[in-house]
Amino acid sequence: MDKRFLYVALVLATVAVVIAVVVLASWLGTRTDESDHTVATATPTASRTATEDAPPPTARLADIPVGSVTIDQSIADLAAEPAIEADQTIDGGVKAFVESALWVLASPAAEADPMNAPAAISDVIGTTDAEILGRFDRTGGVDFLPLDGAYRVLGHSGDQAAPEAVMVEVAAPMTISSGTRWLFVGGVITWTDDGWQISSIKPTETGQPTSGATHLGDFTDEDRLAVLTGLGWTAFANGRR
């Protein structure tokens with residue numbers, strides 16, 4: 001056999017083998033890229049779907065803490081001017097404000113003579129606030145229950161150990177002829193030579209509990225968010241649990 005023919009045949013066989021190897025390597029590389037691409041795109045898609053399907057977080061409130069203020073609910077039953085006794089402290093100012101508000105809003109004396117009731121508890125109350133209290137509808141009596149609600153201190157003036165004035169807000173259910181509603185009663189109480197006296201006071205509307213609860217201890221988280229707007233609310237130390 002001609003040696004040149006054998007040489008040419010060997011060269012052609014070698015070339016064929018090389019071409020086959022290159023084609024096989026190219027095919028395997030394409031398969032690997034496609035597999036990697038599939039995994040890479042599948043993972044974010046699954047993660048995005050899980051995120052979209054997850055329910056939104058539910059807003060929750062921590063339990064309302066118990067404060068150190070105690071009040072005498074029976075002041076609302078007095079038919080005469082109350083003797084409010086409280087120390088010249090922030091807690092004393094809160095106590096005096098809530099008890100004074102309780103008497104001027106819900107006592108038989110205030111119902112009998114509403115226009116003069118504010119002056120019976122304070123020599124320093126503003127004229128406008130006194131008129132608002134005087135016109136407050138007490139028809140059929142008023143039942144105001146601070147101990148079922150909460151209070152907060154919005155600020156004070158003077159020395160913290162012996163404040164000259166304290167700004168207070170109480171949220172509580174009030175029952176009048178039209179039914180029971182939660183209200184804010186807020187204002188400022190001032191230390192005078194005769195002790196604590198209210199200088200401003202105003203009942204205002206707040207949100208109502210969707211559950212219909214008439215006591216702080218029965219509130220759902222949604223009730224607390226609706227009624228006790230803002231921060232700093234505290235339950236009375238002698239409130240019903």
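For the reader, a short list of remarks on this structure follows.
- Once both labels are positioned 7 Å from their Cα atoms along Cα-to-Cβ, the gap between residue 208 and residue 74 label points is 3.4 nm.
- Quotient of C-alpha Rg and 2.2 N^0.38 Å, computed over the range 157-223: 1.44
- Solvent-accessible area per residue, Å², over the range 174-221 with all protein chains present [probe radius 1.4 Å]: 45
- For the range 187-228, the equivalent ellipsoid derived from the alpha-carbon gyration tensor has semi-axes of 32, 11, 7 Å in decreasing order.
- Surface composition of the range 66-224: carbon and sulfur make up 49 percent of the accessible area, probe 1.4 Å.
- Label point distance in nm, residue 81-residue 177, each placed 7 Å from Cα along Cα→Cβ: 2.9
- Among the trypsin sites (Lys or Arg not before Pro) in the range 100-171, those located in a DSSP loop and surrounded by at most 12 other Cβ atoms within 10 Å of their own Cβ are 135.
- Calculated from backbone phi, Karplus (6.51, -1.76, 1.60) coupling profile of the range 143-149 in Hz, x at Gly/Pro: 10, 10, 10, x, 5, 8, x
- Cα-Cα separations in the range 97-190 greater than 16 Å, expressed as whole percent: 57
The values are calculated or read from the model by the stated rules, or taken from the named source; none is laboratory data. In this text, all values refer to a predicted model and were calculated from it rather than measured experimentally. Here the Cβ is made from the backbone with ideal geometry for all residues, glycine too, and neighbour counts use every protein chain on show. Accessible surface areas use protein heavy atoms only, side chains included; no ligands, DNA or RNA. Shrake-Rupley method; radii C 1.70, N 1.55, O 1.52, S 1.80 Å.
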